[in-house]
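The values are calculated or read from the model by the stated rules, or taken from the named source; none is laboratory data. Note that the structure is predicted; figures quoted are calculated from it, not measured. Cβ: placed from backbone, ideal geometry, glycine included. Neighbour counts: every protein chain shown.
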Amino acid sequence: MKARLVQIGPMKFEARADDSPSILLHAPPKGERKDAPSPMQATLLAAMGCTASDVASMLAKMKEPVTALEIEADAERAKEAPRVFTTIRLHYRVRGDGVREESVRRAVDLSTERYCSVGAMLRRGGVQWKTTYEILPSG
């Protein structure tokens, strides 16, 4: 994997990995961010995207009638520099009529324990990783 980052403004950067579209990262003083996530926010979003793709793929392979998947995250950071994540809580909302709880639990567990590379990297760095889920009707 190769990537490139270019500064495009005060504390604002455009980043691109391989042939992907570019993304903006913005690290201004607190309260001044308007148009892009900070690098730490992007890390949390990357973890969410990683596990979401795992869970969605596994539930599709299990032929579960999923109509939507949402994840809400809450992350805590160290109080002193470096302000690393200390805890990440992920709450999965799976929508679909007749989705089996056993399948959702298995997909979340497999993503957490085996497949999500971003999550594994964060956990190896000492981040506590907590997951919960709920199954809701299509809507």
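Here are the numbers:
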| quantity | calculated |
| --- | --- |
| Filtered residue count, segment 34-43, keeping only those that are assigned to a loop (DSSP other than H, G, I, E, B) and loosely packed, with under 15 Cβ neighbours inside 10 Å | 2 |
| Long-range neighbours under 8 Å by Cβ, at least six apart or interchain, first residue assigned by TED's automatic domain parsing to the domain that holds Thr43 within segment 66-81, second polar (S, T, N, Q) | Thr67/Ser138; Ala68/Ser138; Ile71/Thr51; Ala75/Thr87; Glu76/Thr86; Glu76/Thr87; Arg77/Thr86; Ala78/Thr86 |
| Ala60 vs. criteria free of Cβ contacts under 8 Å to residues at least 40 places away in the same chain and out of contact with any helix residue (DSSP H, G or I) (no Cβ under 9 Å at 6 or more places or on another chain) | yes |
| Residue in segment 11-33 that is exposed (fewer than 11 other Cβ atoms within 10 Å of the Cβ) and closer than 30 Å to Arg100 by Cβ present | no |
| Candidate set from segment 22-48 (those that are modelled with pLDDT of 95 or more and of a type in the set (Gly, Ala, Ser)); member that is farthest from Glu72 (Cα to Cα) | Ser22 |
| Flag for Glu113 being in a helix (DSSP H, G or I) and either touching a Pro at 6+ places or on another chain (Cβ under 7 Å) or at negative phi (or both) | yes |
| Residues located in segment 79-100, provided they are within 30 Å of Lys30 (Cα to Cα) and either crowded, with 17+ Cβ neighbours inside 10 Å or over 19 Å from the mean Cα position of the chain (by Cα) (or both) | Lys79, Glu80, Ala81, Pro82, Phe85, Ile88, Leu90, Tyr92 |
| Unmet requirement for Asp54, which otherwise passes all of (1) crowded, with 18+ Cβ neighbours inside 10 Å; (2) free of Cβ contacts under 8 Å to residues at least 60 places away in the same chain | (2) |
| Ala60, sole failed condition from (1) buried (at least 17 other Cβ atoms within 10 Å of the Cβ); (2) in a helix (DSSP H, G or I) | (1) |
| Condition met for Gly125 (small (Gly, Ala, Ser) and at pLDDT 95 or above) | yes |
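Per-residue answers, yes or no, for (1) under 22 Å from Gly125 (Cα atoms); (2) part of a strand (DSSP E or B):
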{"position": "Pro28", "(1), (2)": "no, no"}
{"position": "Leu45", "(1), (2)": "yes, no"}
{"position": "Gly49", "(1), (2)": "yes, no"}
{"position": "Glu64", "(1), (2)": "no, no"}
{"position": "Ala75", "(1), (2)": "yes, yes"}
{"position": "Pro82", "(1), (2)": "yes, no"}
{"position": "Arg89", "(1), (2)": "yes, yes"}
